[in-house]
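*Asks:* There's a structure below that I have some questions on.
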Amino acid sequence: EMPELVETFTRTAWRRNEKVGAGAVALGVCEACGTDKTFLKENGRQYFEGHHLVPLSRQASFNVSLDVPANVVCLCPTCHRFLHFGATQDRRRCLLRIYEKRADALAKSKIAASKSQFVSRTLGLED
């Protein structure tokens with residue numbers, strides 16, 4: 001049986017600065033688990049993904065850009081999926097480890113001034 005063709009609404013999204021994501025990925029080490037091995041791309045480099053800690057979908061709630069290096073981490077594909085779909089408590093623990101390394105930069109960028117504010121914003125727990 002043929003699948004049904006379904007029309008969807010187009011979504012609007014905040015334009016990303018490719019240089020910010022590329023800068024994070026250039027790190028070449030997952031900031032969640034520490035691995036430097038994923039799989040090789042055609043160019044011979046390991047594959048990593050950039051991830052906005054505070055999602056760009058929340059940009060309208062901020063007076064500063066969320067698309068800045070302080071808010072974008074380098075992740076292996078597994079950890080990237082985990083931060084999107086993992087159990088909340090496990091994600092919270094992982095995010096707190098990342099926060100410890102980025103607290104100063106996040107505060108300077110005015111994205112998160114405290115641990116609790118960071119966790120709320122990254123997990124989408126704020127109104």
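The values are calculated or read from the model by the stated rules, or taken from the named source; none is laboratory data. Fair warning: this is a prediction, and the values are worked out from it, not measured in the lab. No Cβ is skipped: glycine too gets one built from the backbone with ideal geometry, and neighbour counts run over all protein chains shown. The accessibility values were calculated without ligands, DNA or RNA, using every heavy atom of the protein model including side chains. Shrake-Rupley method; radii C 1.70, N 1.55, O 1.52, S 1.80 Å.
*Asks:* So for region 57-64 (the condition being assigned to a loop (DSSP other than H, G, I, E, B), at pLDDT 95 or above and open to solvent by less than 70 Å² (accessible area, probe 1.4 Å)), does at least one residue qualify?
*Replies:* no
*Asks:* For residue 45, are the conditions met, namely being without any contact (Cβ under 8 Å) to a residue 12 or more places away in the chain and open to solvent by 100 Å² or more (accessible area, probe 1.4 Å)?
*Replies:* no
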